[in-house]
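Here is the structure we will look at, set down as structure tokens.
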Amino acid sequence: MSTARSLPTAGTHSLHRAESRERLSGTTWDLLVVGGGILGTSVAWHAAQSGLRVAMVEAGDFACATSSASSKLVHGGLRYLQTGAVRLVAENHRERRVLARDVAPHLVRPLPFHLPVYKGGPHGAAKLGAGVFAYSALSAFGDGVGRVISPSKAAADNPALRTRNLKAVAVYGDHQMNDSRLAVMTVRAAVDAGAVVLNHAEVIGLRFTRGRVTGADLRDRLDGAEFGVDARLVLNTTGPWVDHLRRMEDHRAAPSIRLSKGVHLVLRRTAPWKAAMATPIDRYRITFALPWEDQLLLGTTDEAYEDDPANVRATDTDIEQILQEAAVSVHDEHLSRNLITYAFAGLRVLPGGPGTVESAKRETVVTEGPGGMLSVAGGKWTTYRHIGRTVISKISELSERRPDWTVRPLTGAPSRMPLPGLSNPEAVARQLLSDAETGPSLAPETAHHLAAHYGSLSFDIMRLTRQDPELAKRIHPDGPEIWAQVVFARDNEWAATADDVLRRRTTVTIRGLDTEQVRTRVQELLDQRA
């Protein structure tokens with residue numbers, strides 16, 4: 001396959017939608033990725049690094065479904081030890097540490113975990129103590145040694161901990177991130193490597209040449225414009241909709257996946273949380289209480305879902321279940337419904353098969369349809385880069401059976417290529433506050449927030465405030481974000497709707513601060529796109 005390109009200059013992140021459509025329809029791409037969640041974005045990134053001409057389209061916003069409805073963890077998977085999946089845990093740990101040290105230290109940060117052991121609970125202190133020690137050993141003790149501490153020591157670190165009938169607390173380390181921000185940075189990385197992307201572009205049909213899938217017809221959901229994209233290979237990474245696209249290729253295609261619904265709650269924090277809590281509910285399930293974005297994140301559920309993926313919602317029953325499960329280890333005053341600022345639901349994509357969704361394997365499945373379209377289902381945030389490389393290897397193997405084109409294996413791209421904005425967040429925050437002495441004033445919480453979500457790209461945001469000091473004002477007085485982030489999201493991060501900005505480019509919605517006045521002003525700024 002030819003690797004010659006006619007692509008946007010690296011760093012051109014927000015082409016006007018009409019120009020993007022023209023570029024997408026004006027060439028034959030080596031790879032068309034349909035679906036802009038973590039899987040599709042990772043494949044697009046790695047494929048572009050390997051020299052392929054890559055296009056990626058997404059029916060909604062990037063990471064708008066499953067990929068932004070996670071538990072916000074980059075972790076080894078402590079519960080996998082219970083099933084004997086030692087190699088899987090070790091692999092997860094390696095990828096977790098590469099993300100935190102080399103790829104995205106500005107977006108992925110360490111988080112200590114407390115695992116309380118209550119009288120009559122599903123696990124004993126000795127078993128959990130051995131488990132967290134083994135867990136930390138598999139990470140080469142990079143986050144310290146897993147151990148057991150006393151209830152009094154745990155309560156001193158976390159006053160919200162319920163200590164009645166508490167026997168001991170196991171301690172271990174993992175990492176945390178903002179999934180939406182990590183996703184958009186990966187999209188930027190893909191575009192920097194040469195990919196052309198477009199969100200809010202829905203596939204309405206596949207293109208065929210002599211029985212092979214050779215592209216797709218699309219509709220821009222924002223203005224209704226229809227256009228086509230030709231490609232030598234189409235990759236289906238549409239998550240919960242993967243079988244919908246497979247049926248476009250073959251109307252007789254049998255279901256390949258099943259869905260599990262996971263719900264989370266975001267609450268205002270009423271006390272400091274120095275550690276996350278992971279509380280065993282039964283032999284297999286754990287409920288989380290995580291300090292996240294200055295809030296408290298609770299969850300999750302794990303129930304079979306068979307309705308339209310577009311209709312997934314957090315119900316009152318889901319909310320009550322999460323609050324009740326959290327109350328096993330968290331004092332009631334921290335769990336009032338009045339503290340809830342946001343509730344969200346997502347769908348895990350699991351391989352089809354017997355048994356309950358709780359016991360289903362969390363694995364990635366790659367299948368090839370009769371028209372040559374590849375479909376990828378499953379995956380997790382921790383290993384999203386590894387999955388991208390695996391899919392590229394699969395594509396390389398597939399190309400060997402096609403005499404008309406060849407995909408080079410992914411050998412030239414560094415395995416630890418960093419995401420845009422790579423930096424030390426603390427150093428960035430200090431520099432932002434120092435620079436503010438000669439420009440618009442910046443509150444310390446805003447400086448730290450920018451540094452932890454944009455890294456060194458924070459300085460690009462601050463340049464906007466020097467051009468227009470009004471953009472240095474806060475979007476809402478109770479949150480750290482400033483209006484310059486909206487303009488930056490519009491011009492550099494493909495934000496096209498108020499939800500794109502408030503829910504996924506910033507944390508305004510999850511803090512419960514997206515008032516009608518805020519949304520109106522955000523839309524005004526979006527409409528000012530040149």
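The heavy atoms of Met417 offer some 70 square angstrom of accessible surface to a 1.4 angstrom probe. Judged by the ratio a/c of the largest to the smallest principal axis of the C-alpha gyration tensor, region 79-122 counts as oblate, that ratio being 1.5 or greater while a/b is no larger than b/c. The peptide list 391-397, 78-84, put in order of mean Cβ contacts within 10 Å with the highest first, becomes 391-397, 78-84. The accessible surface of the chain, taken with every protein chain in place and a 1.4 Å probe, is 50 percent carbon and sulfur. Ranked by solvent-accessible area (1.4 Å probe, protein heavy atoms only, all chains present), the residues Tyr342, Tyr454 order from largest to smallest as Tyr342, Tyr454. When the alpha-carbon atoms of region 229-366 are used, the pair Rg, Dmax equals 18.1, 58 angstrom.
Extending 7 Å from the Cα toward the beta-carbon at both Arg466 and Arg210 defines two label points whose distance is 5.8 nm. Mind jotting down the distance between the C-alpha centroids of region 485-511 and region 156-194, whole Å? Cα centroid of region 156-194 versus Cα centroid of region 485-511: 21 Å apart.
Here is how the number arises for the chain: DSSP H runs of 4 or more residues each give -39500 (n - 2.57), the sum is divided by the residue count, and the result at 222 nm is -9000 deg cm²/dmol.
Accessible surface for the chain, divided over its residues, is 40 Å² per residue with a 1.4 Å probe.
Look at where the Cα atoms of region 459-481 and of region 44-62 average out, and the two centres are 31 Å apart.
Here the translational diffusion coefficient of the chain follows from Stokes-Einstein with Rh set to the Kirkwood radius across Cα pairs; for 10 °C and 1.306 mPa s it amounts to 66 µm²/s. For the residue pairs Lys127/Lys380; Lys127/Lys153; Lys261/Lys380, the C-alpha atoms sit more than 18 angstrom apart in Lys127/Lys380; Lys127/Lys153.
Rounded to two decimals, the Cα radius of gyration of region 126-280 over 2.2 N^0.38 Å is 1.62. Note on region 189-252: percent of Cα-Cα distances in each 10 Å bin, starting at 0 and stopping at the bin with the largest distance, equals 19, 49, 30, 3.
The values are calculated or read from the model by the stated rules, or taken from the named source; none is laboratory data. Model, not experiment: these values are computed from the prediction. Cβ: placed from backbone, ideal geometry, glycine included. Neighbour counts: every protein chain shown. To get the accessible areas, we keep the full protein, side chains included, count just its heavy atoms, and leave off ligands, DNA and RNA. Shrake-Rupley method; radii C 1.70, N 1.55, O 1.52, S 1.80 Å.
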